[in-house]
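The values are calculated or read from the model by the stated rules, or taken from the named source; none is laboratory data. Note that the structure is a prediction, hence the values are computed from the model and not measured. Cβ: placed from backbone, ideal geometry, glycine included. Neighbour counts: every protein chain shown. Note: accessible area is taken over every heavy atom of the protein model, side chains too, but ligands, DNA and RNA are not part of it. Shrake-Rupley method; radii C 1.70, N 1.55, O 1.52, S 1.80 Å.
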Amino acid sequence: MGPRPEEDRRLSRTALAAPVLILIAGTVALLWWKPAVQSPNVHLLADAAASYLLVWGAVLLVSRRTPAETAKGFAVTTATLLLLVGLLETAALGGVVDFREVFARPLPEPWDNPGNVTDPVLLHIRKPHSDFVWNGVRYQYDRNGFRNREDSRAADVVVVGDSFMEGWEVPQDAMASSRLGRALGRRVVNLAQSGYGPQQELEVLRRFGLPLAPKVCIWGFFEGNDLGDVYRYEEARRNWGSLVGTPFSQRSFLRNALPAVRRLTGLDEGAQESMKRMRNRSCLVREGDGRSVPMYFWYEGYFLSEKDEASLREVRRLLRQAADLCRARGTDLLVVFIPVKYRVYRRAMECDTGAEPRYWVENALPGRLEAIVREAAPGAGYLDLTPPLAARAGHGGLLYFPIDTHWTNAGHAVAAAEIARDLERRSW
């Protein structure tokens, strides 16, 4: 006679004990190991693996199949998942797929952006003839990686700077450089690039700007990050070997999929902290129709630090070189100060008692930069865009995007008109 039903059930429970204990032990091991690792991606992967083991442990306990059949299902499913991830990673390793683009991963540094190519001096520059749409705005670039629809061999005016002058978030025809060209009736070539600081802008002037034989070079200086970009650039140059040369780790499926899952599930602690910080940095400003809208101020008003003072000394050296290069080519130099939105709206905003901008200060950077231009680049022009932007802000109309740091179409219009007036006033 074979085993009785009671014995069958007892044997099944005995057979289940070992695999269930193994799965529980694996889950505990993953959760115990996780706090020792700082990476949020590793934490998410450990949580997913632990959850996967717990689910299979539950399946073992409630399934009507034999333990052997269930174990076989676990092995096949696990092997299939690992094979799928392996195939995806192989595609990334071979350069077939770049998962940074698939998952639109926010990248901490522009040289990690798959839309850029690396450069030992510029660090990064947009790929030649890039053409893409982002947030409903089309971006078109020339053969050198700058935001111009056409390649140019000559120019009357060249513009260097960062994302403000590049025209981030606005259509090509609405950019300050495009508006300036129409106002002057001259050929204006945009050589600005997002993420650039003074050292890179000097190299752009030398490598791309002056060979176009312009009559005028406009150099946009954004107070929000150009001083910080000075030492950020130097640090990147010192560590350049460790920052580039590992494309697979950047293209990897898991490297990019895990942050995407964290963003979608609200588990991205950095994003949560950033949003909380931004809520504390908002005040109300009036739009053209009289409505009050919340304006978020990312760059704060603060007194200049010792690092800022060191950066200003480097800016003085760079502007002296720029002035010498321009003078040798018969090109006039105009340095344009681009203020952060706090400086523009500080007298036209209404802040709650707990809002951080209520307690910020206005430093003397515009005057300091003007003095540097006068001393280091005699003959060069200087234009502070704060007064015209602040005057327009006081009468309503959003010149900066409420959440983003950049100019709206209206902001670009004010900047272009003021620059055009300044150039005409100087008879350039």
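Which order do you get for Phe103, Phe164 if you rank them by accessible area with a 1.4 Å probe, largest at the top?
Ranked from most to least accessible, the order is Phe103, Phe164.
Can you tell me the order of 126-139, 296-309, 222-235 when each peptide is scored by its average per-residue count of other Cβ atoms within 10 angstrom, highest first?
Values: 126-139: 12.4, 296-309: 14.5, 222-235: 18.6.
For the peptides 126-139, 296-309, 222-235, the packing ranking is 222-235, 296-309, 126-139.
So what J values fall out for segment 228-236 if you push phi through Karplus, 6.51 cos²θ - 1.76 cosθ + 1.60 with θ = phi - 60°, rounded to Hz, Gly and Pro as x?
x, 5, 4, 7, 4, 5, 4, 5, 5
Based on the mean of other Cβ atoms within 10 Å per residue, sort peptides 313-320, 190-197 so the most packed one is first. Intermediate results must be reported in sequence, preceding the final value.
Details: 313-320: 18.1, 190-197: 25.8.
The peptides rank, most packed first, as 190-197, 313-320.
Report, by chain and number, residues whose modeled amide H sits under 5 Å from the one on Gly195, excluding near sequence neighbours (fewer than 5 apart, same chain).
Correct list: Ser163.
Once phi is turned into ³J(HN,Hα) by the Karplus curve 6.51 cos²θ - 1.76 cosθ + 1.60 with θ = phi - 60°, what whole-Hz value does each residue of segment 190-197 show in order, with x for glycine and proline?
Running phi through 6.51 cos²θ - 1.76 cosθ + 1.60 with θ = phi - 60° gives 8, 10, 7, 8, 4, x, 7, x Hz.
Non-local amide H neighbours of Tyr382 (under 5 Å, H modeled in plane, Pro and chain starts lacking H): which ones?
Residues meeting the criterion, in which the H sits 1.01 Å from N, are Val335.
Ordered by packing density, taken as the mean number of other Cβ atoms within 10 Å over each peptide's residues, highest first, how do 147-154, 409-416 rank?
Result, highest mean first: 409-416, 147-154.
Excluding Val85 itself, calculate the net charge of residues whose Cβ lies under 15 Å from the Cβ of Val85, where each Lys or Arg counts +1 and each Asp or Glu counts -1.
Result for the neighbourhood of Val85: +1.
Using a ≥ b ≥ c from the Cα gyration tensor of segment 152-247 (square roots of the eigenvalues), is it rounded, prolate or oblate, where a/c under 1.5 gives rounded and otherwise the larger of a/b and b/c decides, a/b for prolate? Let's see the in-between values first.
On the way: a/c = 2.22, a/b = 1.80, b/c = 1.23.
Taking the square roots of the gyration eigenvalues as a ≥ b ≥ c, segment 152-247 is prolate.
Based on Cα positions only, what radius of gyration and what Dmax would you give for segment 61-103, in angstroms?
Radius of gyration, then largest Cα-Cα span, for segment 61-103: 16.1, 45 Å.
Mind putting a number on the dipole of segment 144-255 about its Cα centre? Charges go on the C-beta only, +1 for Lys and Arg and -1 for Asp and Glu, and I need it in Debye to the nearest 20.
So the dipole magnitude of segment 144-255 works out to roughly 380 debye.
Computed over the Cα atoms, what is the radius of gyration of segment 127-173 divided by 2.2 N^0.38 Å, N being its residue count?
1.13
Which of Phe74, Gly145, Ala174 sits farthest toward the positive end of the charge dipole of segment 60-193, with +1 on the Cβ of Lys and Arg and -1 on the Cβ of Asp and Glu?
The residue sitting most towards the positive pole is Phe74.
Return the aspartates and glutamates within reach of Lys215: Cα separation strictly under 16 angstrom, same-chain partners fewer than 8 residues apart disregarded; answer none if there are no such residues.
Leaving aside aspartates and glutamates fewer than 8 places away in the same chain, those within reach of Lys215 are Asp156, Asp324, Asp332, Asp422, Glu424.
Express in Å², to the nearest 10, the accessible area of Met295 obtained by rolling a 1.4 Å probe over the protein heavy atoms while all chains stay in place.
0
How big is the charge dipole of segment 88-217 about its Cα centre, in debye rounded to the nearest 20, if each Lys and Arg gets +1 on its Cβ and each Asp and Glu gets -1 on its Cβ?
Values: 16 positive and 17 negative charges, 127 e Å.
Using only the charged Cβ atoms, the result is roughly 620 debye.
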